[in-house]
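First up is the structure itself, then whatever we jot down about it.
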Amino acid sequence: MRNEIELEAIIEDYLNGNLSVEEAKAFEELRIKDPSVDHKLVAHKVFLDSLKDYGHVLSLKDKMDAAHATMDVEALKTELKPHSSPIVKLWRNNKSALAVAASFILLAMVSVFAIQHNTKQNGSYEMMRRELDRIKSSQNKLIRNINSNVKTEAAPVRPAKFGGTGFAITSNGFLCTNLHVINGADSVYVQNSKGEAYKAKVYYTDPQYDLAILQIVDKDFSPLSALPYKLKRSAVGMGENVYTLGFPKDDAVLGQGYVSSRTGHAGDTTAYQVSIPVNPGNSGGPLLDNNGNVVGVISAKENQVDGAAFAIKSKYILEALSAIPSDSLGRRSVTKKSPLQGLSRLKQVEKIQDYVFMIKVYN
Amino acid sequence: MSKKLSSSVPTDREVVLGILNNSDDALNKLYTGYFPMILQFILNNNGDEDDAKDVYQESIIILYNKIKSGDFELSSKLKTYIYSLCRRIWLKKLSKESKKAVNVTDFEDIEAVETDLEKHEEKDRQFEKMQEALLHLGEPCKTIIQDFYIHNLSMQEISEKFGYTNTDNAKTQKYKCLQRLKKLFFQS
């Protein structure tokens, strides 16, 4: 009994590492010599380990119970217990899936919205040819017939069906206008600001750029004096102040604005977007900059959008001109400097109005 | 739930370091941090708050032992690990009670924890055996053994506490108690 107690004390000391080096050595020898001692040691170790584990778990449980006591389990329970409503249950159980679905839908909507806005200008392209008001036009015609002492007899009495604007590009009677103004015409008459009408024929059309060149073929037509403006070959920049003269009614109307974009409808690079008030009848009118250079031809506007008119770049007029034999064009102004340069707007318009014609189309 | 978790949950690193350093504070934070998650899980799967407490404490013990044993590698979030443990434990309990296969409603991601759980079950059996043995041991043996081996009191202190005239008597008493306890432990 006594020995047993001592043996166990030694075993415990050995396991805890409390023996001195010699004692430990002596004990290990004893273990090797006596298997029963060794067995006791192993059994004791296993037992003590599980006793220690037991102690650890017990103290851990105590600590957790203490932590548990600090929580308001009842409040949590009411918050987290299964909800009677199936919708809330569904929401709780599928929170993340729903979140993913929702963000996907949102993303899709945003991208669709963005694409639509990026690629499509609102509104459609509306060409500014004027369908002339029958009655009003015929009345005007009558008044002019009575009042004017100038020659108008050559023009048909029947009122024109469509109207537009054109401007002289040579002094011997070549005019530039839009193709859509004279398209499908049986006959074309042009009328200057004094009310004199001349018969004209379509000399050249350029469907690609919506341009047409007319030639006045009337025997009463006397050549104009040298053109006060010239066609600008290079492009103008955004913000350039421009104005146009046109015939949205039976008298010339001045419109003023600025180049608002270097490209036209839906990014069309052959045209400018111009912020200028234009109306049916303005089509074919010259677009001039402050120095009196023709920079484009008014062709259309965007309906539903305010202040977005389009003008074909003057470069393409020059291209169209090159299609005409140069001898038939007659004498062309070669002045480097535009004669209008430096003049006030009032003087410029005064000089230009003789070169801008109303185009009347019959079919 | 998400509100509560984000406000009071310690970082995984804090927990692991805290447990390694025996910090009671870290244990408290860990315990209170994830309990609502488990409570929600158990309440929504045919359990009550006492079930939640039992299951949760068991999972914390597993986590604690795993960290203490030193082979703990954080392969996922601690939250996922705890949730997976609790889910597995609760599934076992449910299937023990009713013979048919059970399905649970999940609230979090899960990961495989079977090996950890098996290790724990072995330890748990030892724990229950020891508890049983100590229960049968009776007083004053139980207290002497606990004081000496668990609370690490010296023989001197024990003999004073129990009124033994000298430490030798106390040692003899302790030896007898231990022998009986061993017998009970290894027999059962």
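We did not get these values from a lab; they are worked out from the coordinates using the rules stated. Small disclaimer: the values here were computed from a predicted structure and weren't measured. Heads up, the Cβs are rebuilt from the backbone with ideal geometry, glycines too, and the neighbour counts pull from every protein chain shown.
Highest GNM mean-square fluctuation among A:Ser187, A:Ser225, A:Ser50, for chain A modelled with Cα contacts below 10 Å: A:Ser50. Within the listed set B:Glu97, B:Glu111, B:Glu121, the Gaussian network model of chain B (springs between alpha-carbon atoms below 10 Å) gives the highest mean-square fluctuation for B:Glu97.
Each residue of segment B:177-185 is assigned a 3J(HN,Hα), and the resulting list reads 4, 5, 4, 5, 4, 4, 4, 4, 5 Hz, derived from the Karplus form 6.51 cos²θ - 1.76 cosθ + 1.60 (θ = phi - 60°), x at Gly and Pro.
Could you work out how far helix A:35-70 tilts from the main Cα principal axis of chain A, as a 0 to 90 degree angle to the nearest 10? So the inclination is approximately 50 degrees. So for chain A, taking the charge dipole from beta-carbon charges (+1 Lys/Arg, -1 Asp/Glu), which of A:Tyr125, A:Cys176, A:Gly267 sits furthest toward the positive end? After comparing all options, I get A:Cys176.
Looking only at other chains, what is the average number of their beta-carbon atoms within 10 angstrom of each beta-carbon in A:45-57? Present the calculation step by step, with values, prior to reporting the outcome.
Details: counts 0, 4, 8, 2, 1, 8, 13, 3, 5, 13, 6, 6, 10.
Partner Cβ neighbours, averaged per residue: 6.
Relative to the longest principal Cα axis of chain A, at what angle does helix A:21-33 sit, 0 to 90 degrees, rounded to 10? In chain A, helix A:21-33 runs at an angle near 80 degrees to the longest axis. In this structure, the residue pairs whose Cα-Cα separation is over 23 Å, taken from A:Lys63/A:Lys89; A:Lys25/B:Lys142; A:Lys45/B:Lys96; A:Lys45/B:Lys93; A:Lys45/B:Lys129; A:Lys194/A:Lys315, are A:Lys63/A:Lys89; A:Lys25/B:Lys142; A:Lys45/B:Lys96; A:Lys45/B:Lys93; A:Lys194/A:Lys315. Could you check how many percent of all C-alpha pairs in chain A are farther apart than 28 Å? Taking all Cα-Cα pairs of chain A, the fraction more than 28 Å apart is 62 percent.
D by Stokes-Einstein for segment B:138-187, Kirkwood Rh over Cα pairs, 4 °C, 1.567 mPa s: 120 µm²/s. So if we plug the beta-carbon distance of A:Ser261 and A:Gln208 into 1/(1 + (r/R0)^6) with R0 = 22 Å, what FRET efficiency do we get, rounded to 0.05? Efficiency, from the Cβ-Cβ distance: 0.60. At q = 0.14, 0.17, 0.23 Å⁻¹, work out log10 I(q)/I(0) for segment B:23-97 with the Debye formula, treating every Cα as an identical point scatterer and leaving solvent out; two decimals please. Listed by q, the Debye log ratios stand at -0.43, -0.63, -1.08. Listed from fewest to most Cβ neighbours within 10 Å, the set A:Thr244, A:Thr165, B:Thr165 follows the order B:Thr165, A:Thr244, A:Thr165.
When the Cα positions of A:Gln116, B:Gln40, B:Tyr81 are compared along the charge dipole of the protein assembly as shown, A:Gln116 comes out farthest toward the positive end, with charges on each C-beta of Lys, Arg, Asp and Glu.
Spatial offset of segment B:143-166 relative to segment A:187-264 amounts to 119 Å, using the alpha carbon center of each. Cysteines in the protein assembly as shown lacking any other cysteine Cβ under 4.7 Å from their own Cβ: A:Cys176, B:Cys86.
Placing +1 on each Lys and Arg Cβ and -1 on each Asp and Glu Cβ, with no other charges, gives segment A:2-74 a dipole about its Cα centre of roughly 160 debye. For peptide A:62-74, the mean count of partner chain Cβ atoms within 10 Å of a residue's Cβ comes to 5. Note on chain A: dipole from Cβ charges, positive end direction compared against A:Tyr14, A:Val202, A:Tyr243; the farthest Cα belongs to A:Val202. Shown here is the pair-distance distribution of chain B: with all Cα-Cα distances grouped in 10 Å bins from zero up to the longest one, the shares run 8, 28, 26, 21, 13, 4, 0 percent.
For chain B, the relative contact order works out to 15 percent when only alpha carbon pairs closer than 8 Å and six or more residues apart are counted.
Rounded to the nearest 10 degrees, the inclination of helix A:2-16 to the longest alpha-carbon principal axis of chain A is 20 degrees. The residues A:Trp91, B:Trp90, when put in order of fewest to most other Cβ atoms within 10 Å, stand as A:Trp91, B:Trp90. Label-to-label distance, B:Ala112 versus B:Glu139, with points set 7 angstrom from Cα along the beta-carbon direction: 5.1 nm.
Could you tell me the calculated FRET efficiency between B:Ser23 and A:Lys33, based on Cβ-Cβ distance and R0 = 51 angstrom, to the nearest 0.05?
Values: r = 46 Å, r/R0 = 0.91.
So, using R0 = 51 Å, E works out to roughly 0.65.
Placing +1 on each Lys and Arg Cβ and -1 on each Asp and Glu Cβ, with no other charges, gives the protein assembly as shown a dipole about its Cα centre of roughly 4340 debye. With the simple spin-label model, which puts each label point 7 Å out from Cα in the Cβ direction, the B:Val104 to A:Leu19 separation comes to 4.8 nm. Treating r as the C-beta distance of A:Leu98 and A:Ser326 and R0 as 56 Å, the FRET efficiency rounds to 0.15. Computed about the Cα centre, the dipole magnitude for segment B:137-178 is approximately 140 debye when only Lys and Arg (+1) and Asp and Glu (-1) carry charge, each at its Cβ.
Of the residues A:Tyr198, A:Tyr14, A:Tyr258, the one that moves most in a GNM of chain A with alpha-carbon contacts below 10 Å is A:Tyr14.
Determine, for B:His136, A:His265, the number of other Cβ atoms within 10 Å of each Cβ, and report the residues in order from fewest to most. Result, fewest neighbours first: B:His136, A:His265.
What number, in percent, do you get for the relative contact order of segment B:138-187 if the mean sequence gap of Cα pairs under 8 Å and at least 6 apart is divided by its residue count?
Numbers: 26 pairs, mean separation 17.9, N = 50.
Reported as a whole number, the value is 36 percent.
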